[in-house]
Amino acid sequence: MTEHDAQPTEHDAQPTEHDAQPTEHDAQPTARREQAHGDTGDDVVRQDAGQGAGEDNGAQVSTGSETAGAPEAAIPELVIISGMSGAGRSTAAKCLEDLGWFVVDNLPPALIPTMVELGARSQGNVARIAVVVDVRGRRFFDNLRESLADLDTRGVTRRIVFLESSDEALVRRFESVRRPHPLQGDGRIVDGIAAERELLRELRGDADLVIDTSSLNVHELRAKMDAQFAGEEEPELRATVMSFGFKYGLPVDADLVADMRFLPNPHWVPELRPYTGVNEEVAAYVFNQPGAKEFLDRYAELLRLIAAGYRREGKRYVTIAIGCTGGKHRSVAMSEKLAARLAAEGVETVVVHRDMGRE
């Protein structure tokens, strides 16, 4: 039985599971990688913008021995997320993951000190760890208090976040997905909820932060987590600007789509046809056409309005697709300019030219 067995509706705090993996928001160094599509179909990707140098997204926690004379390992900050099944534990964990925490779901409590130790050996790459502890690991649950005492003796800064909800709200959420409560056995959902409350009673009393999600939707829960853990900084919005060709189909992951086919096509200019929108002459041709600069200015202004709304709703990623006929000239030139505009405004931006070189 997993936490997905009881997922709240869109208007409730919906839990979603997290595997033990580094968050995808680890800072990455600015880089550019270009490849011809040919038969491979590889995207042409460039990262621009408001992110500083850091470790690769797939960096793993170092487990090597400390070298002689090396500075003392920094002990990671730790947050333990627990609470009632269906109350939104995994939504809270996802929020921390988006804020740059290393999130581990359903880690046996006895392994928490080991996880902290591995983080301390990572040379600062894993500075904040969030661990989801719940009744899925109930056979290990008795070890939690011993692990917490161990962490206290090591001087680990740790907080316990407990997600609470009313019986009525939890029953409604379980019934909406037509799955049993992980502790109900042959009984009713309310029997499982009562058993879980009793099992978690002491942990709730020790919690540093209790959040009642009975009347919260997903966005409101994320806002509460942001308020506790994001500090004074507004949550970042990360943008992917993707050029594409309509003749190859719409990008399935696009949040917003703009059509550049209202501009004259450089394909019909013989001296420009072999080049792409990255070429300065092609870009100059595109932006000398009536409406091109006006579109860039007004679309960038519209994106500022949309971005503010996305932040309020807890949305952290947006994919902006810019299309033309073949994805070679107009969409590429506009994507480059739009990405540069977003980067100048401090938005962490990735440029992807999906179909450039495909013809």
Theoretical gain in end-to-end length, A300 to Q123 [0.36 nm per residue, Cα-Cα removed]: 59.8 nm
Long-range HN-HN contacts of A321 with modeled amide H, under 5 Å: M242, D255, L256, V257, A258
Whole-angstrom Cα spans of the stretch 145-245 along principal axes, big to small: 55, 46, 25
FRET E, pair E281, E146, Förster distance 56 Å, beta-carbon r, rounded to 0.05: 0.20
Spatially proximal lysines relative to K328 (Cα-Cα < 22 Å; intrachain offsets below 8 disregarded): K247, K293, K337
Loop-located trypsin sites (Lys or Arg not before Pro) in the stretch 178-266 whose Cβ has at most 16 other Cβ within 10 Å (DSSP): R178, R188, R261
Extended-chain gain in nm, criterion 0.36 nm per residue less alpha-carbon gap, T153 and R273: 36.3 nm
Farthest toward positive dipole pole in the stretch 292-334 [+1 Lys/Arg, -1 Asp/Glu at C-beta], among G327, G309, A292: G309
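Bear in mind that the values in this text are calculations on the coordinates, not laboratory data. Remember, predicted model here, so these are calculated numbers, not experimental data. Using ideal geometry, Cβ is built from the backbone for each residue, glycine included, and neighbour counts are taken over all protein chains shown.
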